[in-house]
Amino acid sequence: MAEELIFDRLTANLERLRLPRTKAVLSEVLETAQAQSYSYLQMLDTLLEEEVASKEQRRLDTALKVSGLPFLKTLDDFDFTFQPSLDRQQIASLFDLTFLSRHDNALFLGPPGVGKTHLAVALAVKCAQAGQTIFYTTMADLIEKLKEDHVAGKSGRGRCHLRASLVVVDEVGYMPIGREECHLFYRFVAARYEKASIVITSNKAFSDWAELFHDPVIVTAILDRLLHHSVVINIRGHSYRLKGKIGVKPEASRDASDGKIGSGVKPEALRNASGGGI
């Protein structure tokens with residue numbers, strides 16, 4: 001009877017202390033501890049490990065949920081055999097996340113469908129697993145957010161696309177932007193320069209950015225800040241979305257980093273939000 005009262009008090013206190021995982025596994029851990037002759041320290045360590053793991057998983061789930069990521073992918077999901085031009089060592093080095101502590105940027109360049117978004121999302125997921133704050137946005141959505149901030153006079157406080165440790169800006173170059181929007185994007189890049197990391201995906205060569213942004217001077221300033229501390233991953237290859245399609249012939253596509261000609265295809269398949277894009 002006394003042990004039952006103590007157990008009830010323990011579970012009540014665990015609930016008050018907001019330790020739900022410890023409460024849930026308490027009976028099981030007590031039985032295991034008795035059967036395997038755990039010391040008090042071993043039993044306490046087991047309970048706390050369960051609670052910490054549970055809290056970490058909840059933190060990660062919440063971080064991914066509010067990040068805006070269109071899907072969840074990891075580096076293990078990436079098919080390197082389909083993109084043999086990629087330097088696996090360079091990719092692995094990027095995924096050790098040392099660039100994040102240096103506030104460096106990462107730019108994934110190449111034609112549609114070669115895996116830019118997959119790698120950018122996988123990198124963001126890895127950062128979230130490491131306890132960093134992340135945010136995903138397309139270039140079009142980012143411009144709209146920056147316009148709203150400008151009109152409302154909002155600062156970076158409370159704005160995920162400004163304060164996150166890592167911001168992924170996807171699909172830069174898919175649509176041209178006006179001069180005012182170009183200035184807003186410059187301010188975004190400048191605000192994060194040497195303070196926090198940006199990941200960019202683009203199907204445009206850097207030499208084409210002046211045409212995209214309609215202001216060569218601002219483009220130079222943007223690229224100066226993006227590339228000063230950065231890792232550029234150029235992917236030459238075919239579209240993964242068209243893998244195995246009969247009758248599809250790859251056409252020449254520009255190397256996004258230097259304007260050279262590489263292999264690739266032009267069609268851009270619609271992203272399946274549930275299945276993930278590349």
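Of the listed values (i) 21.2, 82; (ii) 23.9, 81; (iii) 24.0, 74, grab the one calculated as Rg and Dmax of the Cα atoms in Å from the structure here.
Among (i) 21.2, 82; (ii) 23.9, 81; (iii) 24.0, 74, the one calculated here is (ii).
Grab the other residues whose beta carbon is less than 13 angstrom from that of residue 216, score K and R as +1, D and E as -1, and report the net.
Around residue 216, the charge tally is -3.
Give me the percent of DSSP beta bridges within the chain that run antiparallel, rounded to the nearest 5.
Antiparallel: roughly 15 percent of the beta bridges in the chain.
Do the alpha carbons of any pairs in 23/126; 65/145; 23/73; 23/65; 126/204 sit beyond 23 Å of each other, and which pairs?
Long pairs (Cα-Cα over 23 Å): 23/126; 23/73; 23/65; 126/204.
What residues have an amide H closer than 5 Å to that of residue 114, excluding those fewer than 5 places away on the same chain, when H is modeled at 1.01 Å from N in the peptide plane?
Hits under the 5 Å cutoff: 240.
When ligands, DNA and RNA are left out and all protein chains stay put, how many square angstrom of accessible area per residue does the chain have with a 1.4 Å probe?
Per-residue value: 56 Å².
Which cross-chain or sequence-distant (5 or more) residues have an amide H under 5 Å from the amide H of residue 231, H modelled 1.01 Å from N in plane?
Under 5 Å from the amide H of residue 231: 105, 106, 107.
Taking the C-alpha atoms of the stretch 11-158, how large are the radius of gyration and the largest Cα-Cα span, Dmax, in Å?
Gyration radius and largest Cα-Cα distance of the stretch 11-158: 21.6, 66 Å.
Would you work out the charge dipole size for the chain about its Cα centre, treating the Cβ of every Lys and Arg as +1 and the Cβ of every Asp and Glu as -1, and quote it to the nearest 20 debye?
Dipole magnitude for the chain comes out near 760 debye.
Is any helix in the chain, taking whole DSSP H runs, at least 27 angstrom long along its axis by alpha carbon and on average at least -1.0 on the Kyte-Doolittle scale, and which ones?
Passing helices, by number: 40-66.
Okay, helix-only estimate at 222 nm for the chain: each DSSP H run of n ≥ 4 adds -39500 (n - 2.57), divide by all residues, round to 500 deg cm²/dmol; what do you get?
Calculated from helices alone, the mean residue ellipticity at 222 nm is -15000 deg cm²/dmol.
Take every Cα pair under 8 Å in the chain that's 6+ residues apart, average their separations, divide by the length, and report that relative contact order as a whole percent.
24
Kirkwood-based Rg over Rh for the stretch 22-76 (C-alpha set), two decimals?
Result: Rg/Rh = 1.22.
The values are calculated or read from the model by the stated rules, or taken from the named source; none is laboratory data. All figures in this text were calculated on a predicted structure; none of them were measured in a lab. Glycine gets a Cβ as well: all are built from the backbone with ideal geometry, and neighbour counts include every protein chain shown. Accessible surface is based on the protein model in full, side chains and every heavy atom, while ligands, DNA and RNA are left aside. Shrake-Rupley method; radii C 1.70, N 1.55, O 1.52, S 1.80 Å.
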